[in-house]
Structure formats: C-alpha cells, structure tokens
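First the structure, in the form of structure tokens, and then the observations on it.
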Amino acid sequence: MNRDRLKKLVAEGRLIAGVYNYCDRWCERCPQTSRCLNFSISEEEFSDPETQDIRNEAFWRKLSDIFKETFELLKEAGEKWGIDLETLDTTTDIENMRAKEEAAENHVVCRAAKSYGKRVEDWFQGKEGFSFETGFAANEDLDIEEAFEVIRWYQYFIAAKVMRAIRGQREEEEERSDGFPSDSDGSAKIALVAIDRSMSAWGVISHDNHVLAESVFEMISFLDRLKQAIEKTFPNARSFIRPGFDKIDLNG
Ligand code: SF4
C-alpha cells in the first residue's frame with residue numbers, strides 16, 4: 001500500500017483512530033475489522049494466496065515495503081512535530097530500554113503473568129490423549145474447542161500486555177504529567193479483558209466435569225489472583241476507554 005492510498009484510507013473517515021492499540025490482535029474474532037487501519041492494510045497487502053503464505057518471499061518483501069512507507073510517514077510526522085529521528089541518542093536509548101526491560105521482567109506481576117503461560121502449557125501437555133468428547137459436557141454458549149481456542153489465544157498475550165503496562169508505567173512516572181489517559185492503563189485493561197475471558201473459558205471446561213475440576217479450579221484461582229494484582233497495580237485500568245471497544249459512561 002503506497003502513501004497516497006494510506007492517506008486516502010484515513011481520509012474516508014470510517015476508521016477509528018488507534019482502535020488497534022488496545023485490542024487483542026484476534027482479527028478473526030474482532031467486531032471492528034471494517035474500522036481498523038491495521039486490518040485494512042493487511043487485507044489489501046496480503047489478500048492473494050501467494051502473499052498470504054507467511055513462508056513466501058513475497059510476504060517479507062511486502063513487509064519491507066510497508067516498513068519503508070511507514071518510516072517515510074514517521075519522518076514526515078517527525079518534521080511536523082520538530083523531532084529529528086537522525087539525532088536521537090540511540091546508544092543511551094538502547095541502554096535505557098534494556099534496563100527498563102529487565103526491571104519490568106523482574107516485576108512480581110510480570111513474573112506471575114509469565115508463569116500463567118507456562119502453567120497453561122503444562123496443563124495441556126498433561127491432558128494429552130484425554131478424551132474430551134466423553135469427559136466434558138459442552139456449555140450451550142461456547143463449546144469446548146472454542147474454550148480451548150480462547151485459552152490458547154491469551155496464554156502468552158496476557159504476559160506480553162502486562163510487561164508493556166509495567167514498562168509503560170515506569171516511563172510515565174519519569175516523563176508525564178499531562179492528565180491524558182495513560183498507555184499503561186490501556187495495556188493493563190486489555191490484559192484484564194484477556195484474563196476475564198480466559199477465566200470464562202476455564203469455566204466452560206470445568207462445567208459438569210469432575211475429573212479435571214481441581215486442576216481447572218487452580219487455573220481460575222491463579223488468574224483471579226493475577227487479576228487482583230493487576231487491578232491493584234493499575235487502579236485506573238478498568239475505567240480506561242479503549243477506542244472502538246469500550247463505551248464512555250456519560251453518567252460517570
Ligand atoms: S482492532 Fe481488531 S481488526 Fe484491528 S488489529 Fe485489533 S483485532 Fe485486528
């Protein structure tokens with residue numbers, strides 16, 4: 001997609017600005033694909049069978065083209081706002097980023113979120129060969145396969161978003177006092193949404209099942225504790241309004 005096409009798409013007015021910033025990247029299940037710039041770009045760029053194949057050279061070439069276009073746009077925006085990308089102190093920036101990354105990784109909430117991903121992996125490995133058709137009663141709203149799909153989708157996503165939130169919170173403590181909703185709260189919010197959905201999915205698995213009830217209960221209770229820790233660390237996360245996904249409470 002060239003720059004003119006990109007600008008035209010933005011000018012059409014159907015897109016929601018930043019809708020992809022606090023989504024769960026699950027485009028197949030997203031109710032906002034028609035209003036998402038990210039989705040529009042990937043649809044246009046990767047819609048024919050050849051470019052859809054991630055192993056195909058064309059995929060990486062397209063990606064590289066998009067990067068060039070993006071960098072051009074970034075430069076344009078930098079000029080507009082007086083930021084010279086060429087003169088940024090990259091060595092110091094990289095060192096700072098590494099230090100922040102390390103601090104975030106060691107944060108207790110991040111470690112817990114990562115540990116959840118590992119627990120899920122262990123749970124599924126331990127259940128290999130288990131006959132789910134006979135062992136489970138499907139919930140009328142969500143079947144067992146869908147519940148697995150939800151759990152697997154968010155398995156590592158939660159930790160990634162928690163990491164981003166913790167890292168962002170530290171940066172914001174250093175830099176901002178502008179009163180705008182913070183990016184870290186947005187990241188924590190989508191992590192919480194992912195946890196809520198994962199807990200529901202675990203609930204489907206435990207439904208009427210006595211064989212796995214205990215291990216599933218452990219998962220739900222672990223997620224519940226993780227959820228509480230995130231809510232304590234980010235007290236404004238639940239009220240963060242994600243563009244396109246959350247409604248503004250006019251009475252609030
Ligand atoms: S907002 Fe929806 S369509 Fe856009 S990237 Fe996120 S999940 Fe995909």
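What ranking of Ile16, Ile94, Ile166 comes out by heavy-atom accessible area, probe 1.4 Å, highest first?
Result of the area sort, largest leading: Ile94, Ile16, Ile166.
For Lys7, which lysines qualify as cross-link partners when the Cα separation must be under 19 Å and same-chain residues fewer than eight apart are set aside?
Those lysines meeting the cut-off are Lys62, Lys68, Lys75, Lys80.
Please report the accessible area of Trp153 (heavy atoms, 1.4 Å probe, ligands and nucleic acids excluded) in Å², nearest 10.
100 Å²
In Å², what does the accessible area per residue of the stretch 140-229 work out to with a 1.4 Å probe?
50 Å²
Evaluate the distance, in nm, between pseudo-label points positioned 7 Å from the Cα of Glu175 and of Arg152 along their respective Cα→Cβ axes.
Taking the simple label geometry, Glu175 and Arg152 are separated by 3.7 nm.
The values are calculated or read from the model by the stated rules, or taken from the named source; none is laboratory data. All values reported here derive from a predicted model rather than from experimental measurement. Quick reminder, even Gly has a Cβ in these numbers, built from the backbone with ideal geometry, and neighbours come from all protein chains shown. When the accessible area is computed, the model is the full protein with side chains, heavy atoms only, and any ligands, DNA or RNA have been set aside. Shrake-Rupley method; radii C 1.70, N 1.55, O 1.52, S 1.80 Å.
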